[in-house]
Structure formats: structure tokens, C-alpha cells
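Each remark here refers to the structure printed beneath this line.
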Amino acid sequence: MWVVGLVLMITVVWALAYFGAVIGVWIATLASGLALLMVTADVGWPVAMPVGLVAGAVAVLFGVPHLRRRFLTAPLLHQFRKVVPAMSQTEQEALDAGSVWWDAELFTGKPDWKRLLNLPPPRLSDNEQAFLDNETETLCRMLDDWQITHEDQDLSPEAWRYIREQGFFGLIIPEAYGGKGFSALAHSEIVMKLASRSITAAVTVMVPNSLGPGKLLLHYGTPEQQAHYLPRLARGEEIPCFALTGPDAGSDAGAIPDRGEACYGEWQGQRVLGVRLNWEKRYITLGPVCTLLGLAFKLYDPDGLLGDQIDLGVTLALVPRDTPGVEIGERHIPLDIPFQNGPNRGHDVFIPLTQLVGGRNYIGQGWRMLVECLAEGRGISLPALSVGAGKTASRFSGAYAAIRRQFNLPIGRFEGIQEPLARIAGLTYQMDAARTLTLGALDVGEKPSVVSAIVKYHLTEKYRRCINDAMDIQGGSGICLGPANLIGRAYQAIPIAITVEGANILTRSMIIFGQGAVRCHPWVLKEFEAAQNPDRARGLAEFDQALLGHTGFILRNIARSLFLGLTRGRFSHSPVEGPTRRYFQQLHWMSAAFALSADVAMMTLGGSLKRKELLSARLGDVLSELYLTSAVLKRFEDQGRRKTDLPLVHWACKNSLYHMQESLRLLFRNLPFRPLAWLLRLVIFPSGAPYTEPEDRVDTEAAQTLLRPGGARDRLTAGIFTSEDPRYRQGQIERAFAQSAKVEPIENTLRDARRAGLLQSPTPQGRIAEAVTQGIIGQADAQDLARMAELRREVIMVDAFAQYGKQHLLEERQSSKPAIYAV
């Protein structure tokens, strides 16, 4: 009988943990259960009395707040303050910047799917769609990427003029200041379309609309600064850049050596209070052609002109290019992607306080200002560029695989080609889903700093994988540069996207989980804030409540992880029925597993987790894949649950679940406290590791999306530059691809006839003639096949150039120095 009682008690404990019961319910239930167990087990008084006294003492200790705080919480708070990692000012400002959103739901271990699915998908306004269809399309047709990258190493004067006159530099500036006032979605769509035509043009347009003077002025500028500069930026009269990185301060931007000192000086003929600046910067996009330089520096006030504090912190300024002491004009060439980029310097440059972004009110707040703007900007520009590359690879490398033939078959029929094709298609679907989900959050006012780090890192990495796969598929036609190569420059540009706006190694190993663990966890930030509260009594009370909540959170995730692991999520709630139901259930499991693993890592490693970058990176990988898979499922719902998109959904979800599993397993293998790691693995994967990479069947089905015309292919690649005009390489491929679909049944008929022994000619032309003679195909079919042969040859041919000797190369380089156009 006592065994039944014990099993019942264990079941009740599990249920209390699973459903997150409060402490009062725990005490009452466990007391009742203990009493019942002792009665049913017929325990004598010599045993019952001590057990009852101990249980009562424990109940009083935990149930009476004053006693709990004095004897339990206070010692734990003292220890917590000793082990909590020291936080620099820049780290604190990064944590304070932006907002938390769906990433916080994923940290709960029990995400509210209705909250995600009820978020309306972002839509373009009529004006935004018109700008894409007209001005952006016109600019795409003006661009000759080979001319830009190989011959001129710059955009043409006509393109520069068109960009400025048509307001491409003022996409985010409100209409009240003469800008377009476009949404984050429109900004992204414009950059994505331009990137599919010319990465140089895309970068030129995206930088002024991302982290730069325009964005900073919108958020922090004084009314006078906004009224003066925003209309000029919108009209293209000012070309902006922002100077942050220098030789001694890259990813560690808080170590900026560039300095300004408060002093009096001359400005426009008057003696005013201002700042004397000295700096050296590099890698500054649009720097060589800018007219307005945004500058990050550390401000000092040694003479007390601004107050009692000497070191005032990172501050931002607007410096006109023609200010005495400014040196601008040299260029970097980032991997032959010749957007304007270069170093600049300043020596004893004086500006008045009115040139500080936000004026005196924002002195010393520059790092927070930058991080908040970056939380928005890096969720838009680089993801758009990355998705543009993925869509280009999907549409045109997929078409190439349908057109190119080897061994008398289109190469897309071979499983070795279908595997990378499926990866391109599945990753592009996932990338675009994450892009639009993030843009939807930005357009409703969220500033999700962790999510923007996720999409920056993972979309640029997936861009790298897609283009590498496209290179493998296209072979020689991918590696021979020239006007006919649509992926060569995208391949060269990969390290640029990987490096800028937060280097990917840093973003993965330090930012995604490093910020997410504190910002998104439901209790950790509250514990940090309580520990730092100068009011000791109030801090103790706040820490006590946070600690109770955190303990219940951990117990709930232990119970949920074990149950969901045993059932593999089958009995958890799904907001939908149908083919994606199981994915929602499995994400419940992975969310609980992630939340539990994160808590175990933080509890066992404490402040040293900050230095265990690979453990942090693996936890960040799980959080990221949870977000990316959420985006895939939402996209499928938002687009009407189209059956033809299911191969892409299946591939993306299976791939992400596998990577979550493997990241967790690597985490378990490397946790330093081995017994706890084994126990954690047993709780989360009690029945083994169930996930594998997508099966061959799934690869084949996903690859077919790219190998045939259809709605799924068009939806996947929507938004990039395409054309039916054979003067463009895109038009040549599109024509041949359409023709290949038309002749596929004819080619199948010929192949069947040959296998049946009806066609004996050793050449394709001879077999076609035999088939016409025997009535196997008609004359029109033969003409279609001949047309296909012409179009196929046009597509598979690559560019070739006159021989280059060393002297010829030297002369060409000397005669084609990049021009810097007056602005």
C-alpha cells in the first residue's frame, strides 16, 4: 500500500512542478501527501513525530516570508553578489538598449503560440509598392554590376544622381522632413532587390538608412538639428557616414581611443563653447564621399566647463566634411565590392556643442544610442542583403540545374545536386521567414536587440552556405567572373556581411545568449536588479520574490522536459492541426529543454559562463534555431498553409530540430560538472536523440521546388530583380528555364523510345530526326528541342577576356583609379 502512496506522491510532485504551482500550494499538498503516506504505511509515533516536526519546520521556513528571507534568501543573496559577473558600463548599456519580444517567450519553456500567430504579417503600403515597382526597378536596370565592380570600381555618375534625386538616402526619414517615411519592411524589400542586382548599390543605399546620422537624428536629435539636417539628408544634398571603428577599437567599441576635450573655440566667426576632436577611423562606408560625418568619441572635460565630471563617456557628434582639420578621401576596396569605404582622421577639429547629437542632454550616452539604433538597423539591412543572395541562388542556380545537362540528363536529376539544391531552398525559406517576422516586430514598435543579433548572425551564415552550395552546383560557370556570372560577386561579398555590424564570431559566442540570458529570462534580470539595489531591505525582498519564481521556473522545466522527452512532445498543446502540428509540439519540448539547460549552465558556472564562450554559443544556437523555426511555422500560416510550400517547411523544421539537438548534446559533453551533465541529458533526452538531418526523400521534394516553374518557386524568390529581357543574364536564364519545362515531356518521350530500341542514332540531332520520321514526336516538338539547345548553350557559356599580362594589368589599374564624385 505504501508503494502506491509513494507513487501517488511522486506523481503529485511532478504535477505541481509541471503546472508551476505557487509555494502555498506546494506546502499544503506535500503536507497532506506526507500525512496520507504515513497513515497508509502505518508508521509508528517514534518515526512519525520526528518526520512531522522536520516537515513542519521546513514548511514554516519556506512559508513564512520573514523567516525565509532571513535564514535562506539573505545568505543566498550574499553569495549571489559575490559570484555575479562584473558588468562594464558598455555591457549595462547594451542590456538596457532595445526591447524583448518573442525571444522572451522562447526562454519561458512554454511559449504562447497565439501571441506569435496573432501578430499581423507586415504589408507594404501602396506608395511603398509603387516605389519598388518603379524607382527601385529603374535603378536596378540602370546598374551594370560588371562595369561597377571590374571597370569603374564605383557606381556610375548617373546611378549616384538617381539615388540622391529619387530619395533612396531618405527612406526612413519622415515625409514631414522630405523623406519617404517608409516602413522597415519597405526598407528591407528595397535593399533586397538591389542586392540581387548589385551588392555595391545595395550597401550604398542601406547604410544611410541604417546606423548613421539620419537614424540617430530621428531618435535623439534636437529640433534644430532635425530641421536643418533631415531635409538635406532626404534630398541627397548631404551624404552621411558614421565613423565608429578605428585601428584600436573594433568589436570592443567601448575601448574607443578617439577623444574630444571641452574648450572654447571659433565657429563661424564666433567664440563658443564646444569640443576639440582628435580621431582616427577606418572601414567607414560612404566615408570617401561623405559630406556629413557622424563620429563616436570619448568626451573629457578637464577644465570643468560642463560640470564636475572629467570623463563624460562616449558621445556622438556631427562633423561637416569641410571643417578644418578633417582628413577624408582615401579608399578601401573590400574584396572587389567597391562601395565607397575608407579611413578618415581628424586633428584638432573644433565643433560647437550644438553639433553633438542631441546637444548637451545626450553627452556620455553615445554607446546606448548606438546600441539602440543597431538593435533596429542590423535586423533590416544585412538580413535583406543575405535573403537577396539566397533568393538569387534559389531562382537562378535552381534554373541552371534544370537547364545544364550531363550524362544526357539535367544535372538537377542527380541526388548529389538535389542535396545542395534542397539546402538552398530550405535555408532561403527559413531566412525569408525570419526576415519578415523580425520586420513585423520592428514595424509595430519593438526593438528586439537579441532577435536582431540572431538574424544578423544566422542569415549571413546561411547566405554563406547558400552561395557556397550554388558554387558547387554551377561549377565552372560560378567561378568564372564576368557579366554572365550572377553569383560570383555575392560569393566575394560573403566575408563583408559576416564581419560588419558585429562580427559573427563575437555575435554568436558573446551576444546572442550573453544578452538573451539576462534580458529574456523571466527571472535573471530581476535577480540582478535586486542584488544591485542600494536599498538593502528592498533588494532582499525583491530578490526573495525573484528567487521563489526562479525556483518554481526550474522545477517546472525539469518536469516538462522529462515528460515531453518521454513523449517527444506528443501530448503538448499545438495551436494548429494538420501537417505542422507536430513541429509546434516538438518546439514546446525544445523550449523547455533550452530553458532548463540555460539555468543549469548559469547556476553551475555563474560568472565564469561569460568566459565559457563556446558553451554560451551553443545555448545561443538553440535559442536561435527556436526563433528561426518559429518564423518558418508562422510564415506557413501567414501564406495560407499552401500545400506546395510544405517540402520547404519540412526541410527547414527538420534541419533546425536536428541542430538544436546536436547543440544541446555538445553542451552536455562540455559542461564541467559531469554528473549534472549526465543527469541533464537523461532528463531532456530520456528516450535517446530522435532527430536526424532531413531525409533523402525530403531533400528531393524540396529540390523539386527549384527545378520546375510554379507558385512555390515564385513565392520563395519574390522580391528580387528578374527579367524576361534577354539583354539581361536573368532574362536568358528565365527563357531557357521556361523552355526546359516545356520540352521535358518531349525529352522523356525520346528517352523512353531510345530505351525501347526505336531510336538508333548516336547523336541527339539524329535521334530527333528519327523520332519525327517515325511519328514519335511532331515537327513542332523538334523545333522546341532545337530552340532549347540554343537557349541551353547561351546559358552554359561563360565570359572570356583578352589575355592579361602583368604590364597590361598594371596599366589598367593605373588608368582606372576609382573616381570620387562631387556631392
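The values are calculated or read from the model by the stated rules, or taken from the named source; none is laboratory data. Just so it is clear, the structure is predicted and the values come from calculations on it, not from any experiment. Here Cβ is always computed from backbone atoms with ideal geometry, including for glycine, and neighbour counts include all displayed protein chains. Areas reflect the complete protein model, heavy atoms only, side chains present, ligands, DNA and RNA absent. Shrake-Rupley method; radii C 1.70, N 1.55, O 1.52, S 1.80 Å.
Among the residues of region 367-415, those identified as more than 30 Å from ILE337 (Cα to Cα) and open to solvent by 10 Å² or more (accessible area, probe 1.4 Å) are ARG368, ARG405, GLN406, PHE407, ASN408, LEU409, PRO410, ILE411, ARG413, PHE414, GLU415. Within region 102-116, residues that are closer than 13 Å to ALA598 by Cα reach partners that are open to solvent by less than 20 Å² (accessible area, probe 1.4 Å) and basic (Lys, Arg) with beta carbons closer than 9 Å, at six or more positions or on different chains, in the pairs GLY109/ARG560.
For region 174-199, taking the residues that are open to solvent by less than 40 Å² (accessible area, probe 1.4 Å) and of a type in the set (Ser, Thr, Tyr), the one that is farthest from VAL444 (Cα to Cα) is identified as SER198.
Scoring PRO288 on the criteria (1) open to solvent by 30 Å² or more (accessible area, probe 1.4 Å); (2) within 24 Å of ILE496 (Cβ to Cβ) leaves a single failure, condition (1). Does region 441-456 contain at least one residue that is closer than 18 Å to SER210 by Cα, crowded, with 22+ Cβ neighbours inside 10 Å and polar (S, T, N, Q)? Checked against the condition, which is being closer than 18 Å to SER210 by Cα, crowded, with 22+ Cβ neighbours inside 10 Å and polar (S, T, N, Q), region 441-456 yields at least one hit. Would you check which residues across region 571-612 are within 26 Å of the chain's Cα centre (by Cα) and at pLDDT below 90 and list them? Within region 571-612, MET602, LEU609, LYS610, ARG611, LYS612 meet the criteria. Assess whether SER477 counts as being closer than 30 Å to ARG793 by Cα and open to solvent by less than 20 Å² (accessible area, probe 1.4 Å). For SER477, the condition - closer than 30 Å to ARG793 by Cα and open to solvent by less than 20 Å² (accessible area, probe 1.4 Å) - is met.
Can you find a residue in region 509-529 that is of a type in the set (S, T, N, Q), under 24 Å from the mean Cα position of the chain (by Cα) and more than 21 Å from VAL25 (Cα to Cα)? Yes: region 509-529 contains one or more residues that are of a type in the set (S, T, N, Q), under 24 Å from the mean Cα position of the chain (by Cα) and more than 21 Å from VAL25 (Cα to Cα). Note on region 151-164: residues that are at pLDDT 95 or above and either open to solvent by 60 Å² or more (accessible area, probe 1.4 Å) or touching a strand residue (DSSP E or B) at 6+ places or on another chain (Cβ under 9 Å) (or both) amount to 2.
For region 221-240, the set of residues classified as among the polar types (S, T, N, Q) and assigned to a helix (DSSP H, G or I) consists of GLN225, GLN226, listed by residue number. Taken over region 416-428, the criterion of being among the basic types (Lys, Arg) and open to solvent by less than 10 Å² (accessible area, probe 1.4 Å) is satisfied by no residue. Return yes or no: is ARG641 open to solvent by 10 Å² or more (accessible area, probe 1.4 Å), in contact with a Phe, Trp or Tyr (Cβ under 7 Å, 6 or more places away or on another chain) and over 23 Å from HIS458 (Cβ atoms)? No; evaluated as a whole, the condition is false for this residue. Selection over region 218-248 of residues that are under 15 Å from GLY366 (Cα atoms), of a type in the set (A, V, I, L, M, F, W, C) and surrounded by fewer than 18 Cβ atoms within 10 Å (Cβ to Cβ) gives a count of 1.
Candidates in region 635-665 are the residues that are assigned to a helix (DSSP H, G or I) and over 16 Å from GLY426 (Cβ atoms); of these, the one that is nearest to the chain's Cα centre (by Cα) is SER663.
Pairing residues of region 295-315 that are part of a strand (DSSP E or B) with residues that are of a type in the set (Phe, Trp, Tyr) and surrounded by 14 or more Cβ atoms within 10 Å (Cβ to Cβ), at Cβ distances under 7 Å and at least 6 apart in sequence or on separate chains, gives LEU295/TRP279; PHE297/TRP279; ASP311/TYR300; LEU312/TYR300; VAL314/TRP367; THR315/PHE297. Scanning region 761-775 for residues that are among the hydrophobic types (A, V, I, L, M, F, W, C) and open to solvent by 50 Å² or more (accessible area, probe 1.4 Å) turns up just one, ALA769. I'd like to know if region 200-215 contains one or more residues that are open to solvent by 20 Å² or more (accessible area, probe 1.4 Å), of a type in the set (D, E, K, R) and assigned to a helix (DSSP H, G or I). Taking every residue of region 200-215 in turn, none turns out to be open to solvent by 20 Å² or more (accessible area, probe 1.4 Å), of a type in the set (D, E, K, R) and assigned to a helix (DSSP H, G or I). Among the conditions (1) assigned to a helix (DSSP H, G or I); (2) under 30 Å from LEU119 (Cβ atoms); (3) not small (Gly, Ala, Ser), GLU446 misses just one, which is (1).
May I ask you to verify whether ARG259 is of a type in the set (Lys, Arg), in contact with a Lys or Arg (Cβ under 7 Å, 6 or more places away or on another chain) and open to solvent by 20 Å² or more (accessible area, probe 1.4 Å)?
Yes; evaluated as a whole, the condition is true for this residue.
On the given criteria, is THR323 in contact with a strand residue (DSSP E or B) (Cβ under 6 Å, 6 or more places away or on another chain), among the hydroxyl-bearing types (Ser, Thr, Tyr), farther than 24 Å from GLN730 by Cα and surrounded by fewer than 18 Cβ atoms within 10 Å (Cβ to Cβ)? In short, yes.
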